[in-house]
Amino acid sequence: MRLRLRSSAITSEAFLSTTAERYIASLDIGTTTIRCFIYAANRDIGKLEVVGSAFEQVELVYPAPGQVEIVPSQLWDSVISTIANAIKNAKLTAKQIACLSITTQRNTFTCWNKLTGNVYHNFITWKDLRADTLVQQWNRSFKLRALKAGAKLLHFFTRNKRFLAGSVIKLMNPQVTMRLAWVLQNNADLQRDVKDGNVLYGTIDSWLLYRLRQGLDQSRVVEHIGDVTNCTSTGFYDPFGQEWAGWALNLFDIKKELLPKVVDNSYDFGYVDESLFGSPIKIGTSISDQSASLWGNCCFEKGEVKITMGTGSFLNVNTGATCLASVHGLYPLVGYKMATCDSPELVYLMEGASNDNGSIIEWAMSIGLFTDPRDSATMALSVPDSDGVSFIPAFSGLGPPIRDDTAGTGFIGIKASTRKEHLVRAILESLAYRIALLYVCALEETRYTFTRIKVDGGVSRNDFICQTLADLTGLPVERGEVADSTALGAMFLAGLNVGIWHSKQELIDIRKIERVFEPNPANKSKCLNSMRSWERAVERFKRWYIAEELNSLN
């Protein structure tokens, strides 16, 4: 069985001649791009093929420094046109689509009026920093310190991992909690209508599920739902109890009436209203981008690990039915939940993230280090080492286990002999080192023995980073044929939900591997020494940044 992807459309008649052919539309809303793929699946012969696709850019707006938004009406128009154009590109009609799968970026949210459909504000993206002052105030506050101390005490007596997680909680900008609290404090119209119970909150998945089922009538009230994988990453959903966290709602004055009903990934999501595409389309599933990537890489077994290297780096470990508490900066999440009658399944993840991959690559291109990301690996390999140069990738701070939001970014160790190739190698090495640190965290948190690492995302196409990661960890690094597996994974889950496939094993058989990077034992010592040098540079850069900040106050 072979997964064949192609950009050109083929005629629907060629597929209609095989009665077992089924078509699935997979919508993927990322940070910068909206994409829709039309997959043709034939279970009888084990075939899966992309027969149509379309994409549009996500238009980000920047109303003030640190604020990053998406205009809901523009997002809606782009979603509708992308789906329509993908169906057209496949030379199909909406009636021929068996189902639609939806996967979205996490923690980008808006609020809207359930009577009129009007939004109270633009989508506030996960990259937005408007609540940064609140985040810092709350992390230093007596209330949060008391909450953590209480959780620590409860864990001492009960040994409940739920309280262990609470004892080390730290609020962060990428989570929804503080940005939603900021909006509730600063939007007068929202404050007024919340009292009347007419306001709904939702991340992109929840808002989109609402609008798609409404169709053209925005005053039509439909069930307000959000899938569990998107809810779990917001910061105020309790993965241990699988419910909105009461302590967070009370602490930050978030009304539970605003929030969607949390549903499984196998929930009956209903249909896209026929007013939008001329025929109703079954919604096969909704799932967050990282959970969809887990499905796309077929990481179904406890202990399997995948790393998505795209706009950011996300390490996810499948911890099975066990929700693990973290003390090193990783986070327990619901990976997916399927409430089928035959075999209900709840799978947890442990996740670590580094947010700057994409922005660092774009920055390196903008200053002329290379013009095509694909050239960077060749440049890095053209020199034996970085000539003592280290790069600190901290545009958004340094995540776990360093966990320093104030660290500076830049090169250290540049000398007269330094060439452009050395700088490029230092940048790529720094991205691999950050991922390796996340891997070390995962080892310490889970105590699992890992056998391989699966990677996806645009940056995973860089052979130098993949090989460096293999050499550092001593594990094979497996790269699938599909670079960005979120749309593929969402499609896999939707196809399973609607009966196109009958088991996960069938999906494993369909997925194909493009390349495996085997660790080179001869390089491990050199890589580890370079990484230790980089870690020392990080410490120096942190001290430099703090000294500069102190100096500016004098």
| query | Per the 1.4 Å probe, what fraction of the accessible area of the range 59-205, in percent, lies on carbon and sulfur atoms? | reply | 56 percent
| message | For a quick check of understanding: with a 1.4 angstrom probe and all protein chains in place, what accessible area in square angstrom does Asp375 have, to the nearest ten? | response | 70 Å²
| Value of [θ]222 nm, deg cm²/dmol, for the chain, DSSP H segments ≥ 4, -39500 (n - 2.57) each, nearest 500 | -12000 deg cm²/dmol
| Distant-in-sequence amide H partners of Cys99 (H built 1.01 Å from N, under 5 Å) | Ala25
| said: Straight-line reach from Lys91: which aspartates and glutamates fall under 12 Å, measuring Cα to Cα and dropping same-chain residues less than 8 apart? | reply: Glu13
| query | Can you put Arg130, Arg536, Arg220 in order of accessible area, largest first, using a 1.4 Å probe? | reply | Arg536, Arg220, Arg130
| task | For the range 215-262, run through the GluC sites (Glu not before Pro) and keep only the ones in DSSP coil with at most 13 other Cβ atoms within 10 Å of their Cβ. | result | Glu223
| Inter-centroid distance (Cα atoms) of the range 31-58 relative to the range 320-363, Å | 24 Å
| What accessible surface, in Å², does a 1.4 Å probe find on Ser81, ignoring ligands, DNA and RNA and rounding to the nearest 10? | 30 Å²
| query | Around Ser313, which amide H atoms from residues at least 5 apart in sequence, or from another chain, sit under 5 Å from its own amide H, with H modelled in the peptide plane? | reply | Ser354, Asn355, Asp356, Asn357
| When only Cα pairs under 8 Å and 6 or more residues apart are kept, what is the percent relative contact order across the chain? | 13 percent
| message | Please list 3J(HN,Hα) in residue order for the range 419-435, calculated via the Karplus relation 6.51 cos²θ - 1.76 cosθ + 1.60 where θ = phi - 60°; whole Hz, with x for glycine and proline. | response | 10, 4, 4, 5, 5, 5, 4, 4, 5, 5, 4, 4, 5, 5, 5, 4, 5
| note | Checking the range 282-312 for trypsin sites (Lys or Arg not before Pro) in a loop per DSSP with at most 11 other beta-carbon atoms within 10 Å yields none
| Solvent-accessible area per residue, Å², over the chain with all protein chains present [probe radius 1.4 Å] | 41 Å²
| query | Which far-off residues, 5 or more places away or on another chain, put their amide H under 5 Å from the one on Asn187, with H placed in the peptide plane? | reply | none
| task | Starting from the exponent 0.38 and prefactor 2.2 Å, build the expected Rg for the chain from its residue count and divide its actual Cα Rg by it. | result | 0.97
| task | On the full set of protein chains, 1.4 Å probe, figure out the accessible area of Leu115 and give it in Å² to the nearest 10. | result | 90 Å²
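The values are calculated or read from the model by the stated rules, or taken from the named source; none is laboratory data. On a predicted model such as this, the values are computed, not experimentally measured, just so you know. Positions of Cβ are backbone-derived with ideal geometry, glycine not excepted, and every protein chain shown enters the neighbour counts. Ligands, DNA and RNA are stripped out before the accessible areas are found, and what is left, the full protein with its side chains, is counted by its heavy atoms. Shrake-Rupley method; radii C 1.70, N 1.55, O 1.52, S 1.80 Å.
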